[in-house]
Every structure is written in C-alpha cells, then in structure tokens.
1. Give, as a single signed number, the net charge of other residues whose beta carbon lies under 12 Å from the beta carbon of Glu367, with Lys and Arg counted +1 and Asp and Glu -1.
2. Place the peptides 62-75, 134-147, 325-338 in order of packing, highest mean first, counting for every residue the other Cβ atoms within 10 Å and averaging per peptide.
3. What is the Å³ per residue value for the convex hull set by the Cα atoms of region 97-174?
4. Please give the peptides 122-132, 371-381 ranked by average Cβ packing (other Cβ atoms within 10 Å per residue), highest first, as a rough proxy for protection.
5. Is the shape of region 23-180 best called rounded, prolate or oblate, per the rule: a/c under 1.5 gives rounded, else a/b larger than b/c gives prolate, else oblate, with a ≥ b ≥ c the square roots of the Cα gyration tensor eigenvalues?
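Laboratory data are not the source of any read-out in this text; all were calculated from the coordinates shown. Because the structure is a prediction, the values reported are computed rather than measured. Backbone-built Cβ (ideal geometry, glycine too); neighbour counts: all protein chains shown.
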Amino acid sequence: MHPLLRHFRSLPTVDLLIGAAVIALGILEAFTVATSYGATENPELWWVGQAIVTGVLVWYRRRAPVAVFILMILAQYAWHRQGHEQCPVWQLAALLIVFHTMGAHLPLKPGGAWAVTGILVFDSGAVDHRFLPFDEVIFLTVIFGSAYVTGLALRRYLVRVHRMAERAARMEMERERRAAEAVAAERTRIARELHDVVAHSVSMMVMQAGALRRTLDVAAETNPGQVAVLSGIERSGREAVEELRIMLGALRMPQEEALPQPGLDMVSNLISTVGTSGLRVSLAVEGDPVRLPPGLDLSAYRIVQEALTNAVKYAGESEVRIRVAYLHDSLEVEVADNGQGAGPALSTGNGLIGMRERAELFGGSLEAGPLPQGGFRVRATLPIPRGVPMSEATS
C-alpha cells in the first residue's frame, strides 16, 4: 500500500467525510455564487484552492486542534484581505467545526482560553479589517460560543461514559476476585477440616493397629492370620494418609486443577496431537507399570505435557524422546530433545516453576537444562508408594 494512502486511512473516517464535504461545497459555491461575494475575474480558481486547504485542515483537526484553529483564523484573514466582506457557507461551517473541536478535544482551561481568544479576534474586526456592528458581534459570539459549548458538552459526556465503563470493569474484576477468594477460602476450610478430623482419625487407627501388631509379633507363630490382617490395616491406613495429604495439596491448587484429569496412560494420545508440528516424538516405558495414586499420575502427566509443549514451541523440527521409568520406589519421567532448547522460556507461566512445584508436592525433584551435545532435557523423579502392578490390578 502506498504510504500516502496508508496515512489517509489512519485518519478518522468521519473527519475525512466532513473535510470532503467542505471541499465539495466550496467547489460548488465557486462555480455558482462566487460573484455575489465580490469576486470578479476567474473567482472559481481561488475558491477551489481555498476550499481544498480548508478541507485538509478539517481532516487534521483532532490530531492538532490548536494548530488547525490558528491556521483557520489565518486563512480567514487571507480571505478577507482579498477584498471579500462576507464569509461563505463552507468557511463558516469549517469554523464552527473547529470551535467545536476545541471544546471536545482540549481540557477546559486551555480549550476555553483558545475559544475566547478566537471569538475576540473575530469580534474585534482584526480578521475583517473593519469595525463590526453590534448585532454582528453578538451573532459571531453566539454561534462560535455555541459551537465550543457543544464540543465541551460532548467531551464531558465522553469522559463520564469512559469513567462509568472503567468503574463497571473494576467492579466486575472486584466481583470475580471476591468470588475466587470465597471459593479458595472454602476449599482451604475443607482442607483444614479434612486434616484436623479425617487425617487425624486415620493416623490414630494406623498407630493403634501398629501397636497391636507389634504386641502380637511375639505370638506370630500361633496367630499368623491376625498379624497379617493388622499389617494390611496398617499399610492401607498409611496409604490413605498419604492420599489424603495429596488431596489436601490438590485442594489448595486452582479450582480447575481439581477436575478429573488424565494420567500417564494418555501420553500416547498427547504425542499424536503434536504429530503435525514437525517433531518426531518417541515414547519408551521402562520397568513394570504400577497403579499410581491419582494425584501423582496427574502431576507426572502434566510434567510431560509441559515439557513437550515447550519442545514444540522452541525445539523446531527435531527429535523428542519421552522416557517413563517405573523404578523400585520412584517414578522417573524424562523429556529430551536435540534441538536448540527452551531454557529461558521455562522460567515463566506454567513452565519450570509449575513443573518443579508439582514434583515437590510429592516429595520429588526436577532437573531441567541444556544437554552438552545440544538440545534440552527435563527430568523429574517422583517417589511412589508401593504400588500394584498393572497386570495384577486388571486381573
């Protein structure tokens, strides 16, 4: 697009239309009523140039209201210096628009000062080079003053509307903030009650079962079944306390995190969604998969998802290797690529900080950084309770 055309398109459409109307009216009057204003030979040529200049000034009235105001008065001075005693319709309309602009786009003090100055210039006859009769002074004062007042009223209305919109936006944000705080407070209260009541009661059951088991250990040969039952109760109780701890941590997360979420069994679906990005993604599972607690399963999946998302954004068309290792007492997830890496990008949002918080919630750790041979690697180690193998869980 040509720079001049781009510049015109940046101007307000209303101003372009008003300026074009002033130019058209000036050209029309040049070929119809020019002689009635005292013009003699070839009046249309001077009128056309004057109309074009006035229309262009109207185009820029909002960008530079004071400069346009001064130039319009100077144009009127030049007009009357040519011997014209009267102001044609298109010039009067342009002057009223400019006075209106002074009220609509300038603060009260500077805008009012410029408007009063303009009215005094016209009333004193400095533009016409003649002494104006009283009725004409009253006429100019009323029409120019009215144009300025209408602009001032428009400015006050727009300012009031803008303030009301800002106030409504602030009230809406405040309402949403209070609602979120109320939800967070309720979730915290529930978490505290669960900790004070349920977790305490289960812990007491575990302690009593453990004490009774240790008492019966002496007679383990005569009561093997009772010892086994008590051991199962103690183990299940400890697992319940651990799961309660995880649930209490989840209650302190944002509300959307508490909704049903996927686990590591959905990693293959996650890989298929990035297949069109140019990445070559491979998945390797080591060890015997076990049934993980829901919170741990979700956090492991989110770590893989976040690391893979950053690889899609910053690694380019490279190869990404995902490794999920079920070790004896921990789960290890690793996402590595051979691209340029995305270290700085992981320090914001739900990147490195979010992944590390998820790992630490379960007493784990997370390492992230560039590889010596190039690329970037994210590796998380998450302790897991003694799980049940998938083959046994589904049998």
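1. Numbers: positive: Arg356, Arg377, Arg379; negative: Glu332, Glu334.
So the environment of Glu367 carries a net charge of +1.
2. With the highest mean Cβ count within 10 Å placed first, the list reads 325-338, 62-75, 134-147.
3. Normalising the Cα hull of region 97-174 by residue number yields 73 Å³.
4. Packing proxy ranking, top to bottom: 371-381, 122-132.
5. Numbers: a/c = 3.55, a/b = 2.22, b/c = 1.60.
Prolate shape, in that a/c is at least 1.5 and a/b is the bigger ratio.
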